[in-house]
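The values are calculated or read from the model by the stated rules, or taken from the named source; none is laboratory data. Keep in mind that this is a model prediction, so the values were computed, not measured. All Cβ positions, even for glycine, are placed from backbone atoms using ideal geometry, and neighbour counts span all protein chains on display. For accessibility, only protein heavy atoms count, side chains too; no ligands or nucleic acids. Shrake-Rupley method; radii C 1.70, N 1.55, O 1.52, S 1.80 Å.
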Amino acid sequence: MAEEMIVKELDNVVVRFSGDSGDGMQLAGNMFSNISATEGNDISTFPDYPADIRAPQGSLTGVSGFQVHIGSGKVYTPGDKCDVLVAMNPAALKTQYKFCKPQAVIIIDTDSFTKRDLEKAKFQLDNPFSELGIKNEVVEAAITTMCKECLKESGLDNKSILRTKNMFALGLVCWLFQRDIKVGEKLLRDKFAKKPEIAEANVQVLYAGYQFGANTHASVSMSYRVPCKDQKRPGRYMDINGNKATAYGLMAAAEKAGLQLYLGSYPITPATDILHELAKHKSLGVKTVQCEDEIAGCASAVGASFAGALAVTTTSGPGVCLKSEAMNLAVITELPLVIINVQRGGPSTGLPTKSEQTDLLQALYGRNGESPMPVIAATSPTDCFNAAYTACKIALEHMTPVVLLTDAYIANGSAAWRLPDLSEYPDICPPYVTPDMASYWTPFLRNHETGVRYWAVPGTESFMHRIGGLEKSSETGAISTEPENHHLMTQLRAEKVQKIADTLPLLEVEGDKDADLLIVGFGGTYGHLHSAMDTLNKQGRKTALAHFRYINPLPKNTAEVLRKYKKIVVAEQNMGQLAGYLRMKIEGLHLHQFNQVKGQPFVVQELVDAFTKIMDEK
């Protein structure tokens, strides 16, 4: 009988699964995330997959990765480097080893490290570890052979058997980190409920991987446990990615507003999953239309809004380019519309599966004419729910199109999310016309305090009207080319958006209130910037973080907050769009900048080094 193994307790750990895009690394990573979330750990994930539909097997360009950070306390990022790397072939080892910590454990499938496999990955030597200078602990497992042996009586063909290799790797990782394998079994049986023979095969291989680790100790010196130390708020939790959270937020807003939800969309990476998710919920009154192109997707949503629905269109940067004319139609008609831009690498088709923040100025100004729109940015996968709900509330209550910015990193990444109680969310009250207005109402009659026009849904008795893309008289609603009227309407539309600031929360500062450096960011970089701030403060460097969720209009105390600090650094995944916008809005503001456009999330250590250098400058 094997002697008891040492189990080391860790506060957090990072695991990276990698292999061919057909090896099921995304599924293995997602399942490990779910298993860990079920055990009470906080998690943050980063799917990193190629844009190729199916790159040549074993090639360097076809490697798909999934990184998950699990912690005993709050986890803000998927981690800079991993403690365990699963490399299913030489190409995965070669491209992913750079993400390993010096002491990381590497798990490989020895059956996929043949001479031919090494040649595909462009190795020169027969020993890839010596060629790369790898001195890490390596778990060598003949995963392919063991899967075939495990399923030789299953009746499955060879191709189906090979597809279970990811579950063997998952089982081995679950053993290494003392995870409850029965949770994984349930996830598999739920996923393949309509294909019980596939479910059974994957379950068998999952247990085989776990038992391989338990019986052989997998040639590692110890296994690990990440206990749950934080007492989470009571409730039901699930592992959720940003796109699904966005879809749920839209449905929650429609329910709260008592409106039908309409999505007019056209498939585009990385936003398509919002369309996929909403299409599952016809029973909740959700209408989804996959239109013939981006223009039709947005134009149909404008029509649905005119008809009285909560109208949404989803896309990424290239799609926003095409939608801009229809978005402007919503501006001049003053109809509620939510435009969701899941940002990706650009310009043009750029990096379809990678993440950037390069569409901020497009969201603010990327239309003809003076066309102000509220712009908000979600800060994390779970915040996508709240951000989507808030975008709908602003659009409906202020009769305006609203741009919601997420990005590929938070849209595809996931975290543990507490299912919300909708009764805790604010009511959504559109400014409908009332019967007593019938004698004096015109299409652009406004509320004097908010500047919002009243909404007469077609079919409301005594409120027949027309609106359209030509400028209208503020008094009668008829087409008008009068210079003074156009100037007035331009002002009224802008003032209406600026008055939204009265309803927004103030900008908050986290960290050291007497900081020597204020870090500023927006959107999905929140976790990395927060982690950098925490690291610096632990080092005795006084830093704080002001992270923008509301960008147009800015929170009312923005200038007051920013003027308090001698040194400010704006960190963003573009070439300085938020920094330029803040300089334009707040006169005399001196800002340092940290800018990267790599298609990858920030690396916390790089942020710490850059911010330290700024603080040390005289």
Quiz item: Which label belongs to the value computed from this structure, given these candidates for Rg and Dmax of the Cα atoms in Å: (1) 26.6, 92; (2) 35.4, 117; (3) 34.3, 111?
Solution: (1)
Quiz prompt | Probe 1.4 Å - accessible area at ASP20, Å² to nearest ten | solution = 20
Quiz item: Expressed in nm to one decimal, what extension gain is obtained for the pair GLU606 and THR216 from 0.36 nm per residue of sequence separation less their Cα-Cα distance?
Solution: 136.5 nm
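Beyond 30 Å between alpha-carbons counts as too far, so tell me which of LYS74/LYS186; LYS81/LYS122; LYS94/LYS323; LYS115/LYS598 fall in that bin. Show your work: numbers first, answer last.
Details: LYS74/LYS186 26 Å; LYS81/LYS122 24 Å; LYS94/LYS323 41 Å; LYS115/LYS598 33 Å.
Going by Cα-Cα distance, LYS94/LYS323; LYS115/LYS598 fall outside the 30 Å limit.
For the chain, what does -39500 (n - 2.57) per DSSP helix run (n ≥ 4), summed and divided by total residues, give at 222 nm, in deg cm²/dmol to the nearest 500?
On the way: 21 runs with 226 residues, N = 618.
Rounded to the nearest 500, it is -11000 deg cm²/dmol.
If I take R0 = 60 Å and measure r between the Cβ atoms of GLU370 and ASP421 in this structure, what FRET efficiency does the formula 1/(1 + (r/R0)^6) give, to the nearest 0.05?
Working: r = 41 Å, r/R0 = 0.68.
So the FRET efficiency works out to roughly 0.90.
Taking 8 Å as the Cα distance limit and 6 or more residues as the minimum spacing, I'd like the relative contact order of the stretch 137-250 as a percentage. Please list the in-between numbers first.
Values: 101 pairs, mean separation 34.4, N = 114.
Result for the stretch 137-250 is 30 percent.
Within the stretch 185-264, list the chymotrypsin sites (Phe, Trp or Tyr not before Pro) lying in a DSSP loop whose Cβ has at most 13 other Cβ atoms in a 10 Å radius.
none
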Practice problem: Extending each Cα 7 Å along its Cβ direction at LYS8 and LYS101, get the distance between those two points in nm, one decimal. | Solution: 0.8
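Would you be so kind as to identify all helices of the chain, as entire DSSP H runs, whose Cα atoms reach 27 Å or more along the helix's own axis and whose mean Kyte-Doolittle hydropathy is at least -1.0? Intermediate results must be reported in sequence, preceding the final value.
Numbers: long enough: 196-216 (30 Å, 0.00).
Qualifying helices, which must be both long enough and hydrophobic enough, are 196-216.
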Practice problem: Would you please give the FRET efficiency between LEU445 and GLN498, computed as 1/(1 + (r/R0)^6) with r the Cβ-Cβ distance and R0 = 25 Å, to the nearest 0.05? | Solution: 0.80
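Counting only protein heavy atoms and a 1.4 Å probe, tell me what percentage of the chain's accessible area is made up of carbon and sulfur.
52
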Quiz item: Accessible area of THR434, 1.4 Å probe, to the nearest 10 Å²?
Solution: 50
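Loop-only check: which GluC sites (Glu not before Pro) in the stretch 126-220 are DSSP coil with at most 14 other Cβ within 10 angstrom?
Numbers: sites: GLU131, GLU137, GLU140, GLU149, GLU153, GLU185, GLU197, GLU200; in loops: GLU153.
Sparse-neighbourhood loop GluC sites (Glu not before Pro): GLU153.
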Quiz item: Roughly how many nanometres apart are two label points built 7 Å out from the Cα toward the Cβ at SER154 and ARG54?
Solution: 1.9
Quiz item: Structure shown: which of LYS496/LYS564; LYS564/LYS618; LYS542/LYS613; LYS229/LYS542; LYS564/LYS585 lie over 20 Å apart, alpha-carbon to alpha-carbon?
Solution: LYS496/LYS564; LYS229/LYS542
Quiz item: Simple spin-label model, 7 Å along Cα-to-Cβ: GLU461 to ASN557 in nm?
Solution: 5.0
Quiz item: Mind checking the dipole of the chain: about its Cα centre, +1 per Lys or Arg Cβ, -1 per Asp or Glu Cβ, Debye to the nearest 20?
Solution: 320
Practice problem: Please give the solvent-accessible surface of ARG179 in Å², to the nearest 10, using a probe radius of 1.4 Å with every protein chain present. | Solution: 10
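I'd like the GluC sites (Glu not before Pro) in the stretch 481-564 restricted to DSSP loop residues with at most 16 other Cβ atoms within 10 Å, sorted by number. It would help to have the intermediate numbers written out before the result.
On the way: sites: GLU484, GLU495, GLU508, GLU510, GLU560; in loops: GLU508.
Those that pass, being in a loop and sparsely packed, are GLU508.
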Quiz item: By a straight-distance test (C-alpha under 14 Å), which aspartates and glutamates pair with LYS152 as possible cross-link partners, with residues fewer than eight away in the same chain excluded?
Solution: GLU197, GLU200
Self-check item: Under 13 Å from LYS232, Cα to Cα: aspartates and glutamates that are on another chain or at least 8 residues apart
Solution: GLU39, ASP42
Exercise. For LYS564, put the label point 7 Å out on the Cα→Cβ axis and report which residues of the stretch 487-527 keep their amide N under 11 Å from it.
Key: 507-515
Quiz item: In straight Cα distance, which aspartates and glutamates are under 17 Å from LYS194, not counting same-chain residues fewer than 8 positions off?
Solution: GLU185
Quiz item: Size of the dipole of the stretch 329-460 about the Cα centre, Lys and Arg at +1 and Asp and Glu at -1 on the beta carbon, nothing else charged, in debye to 20?
Solution: 320
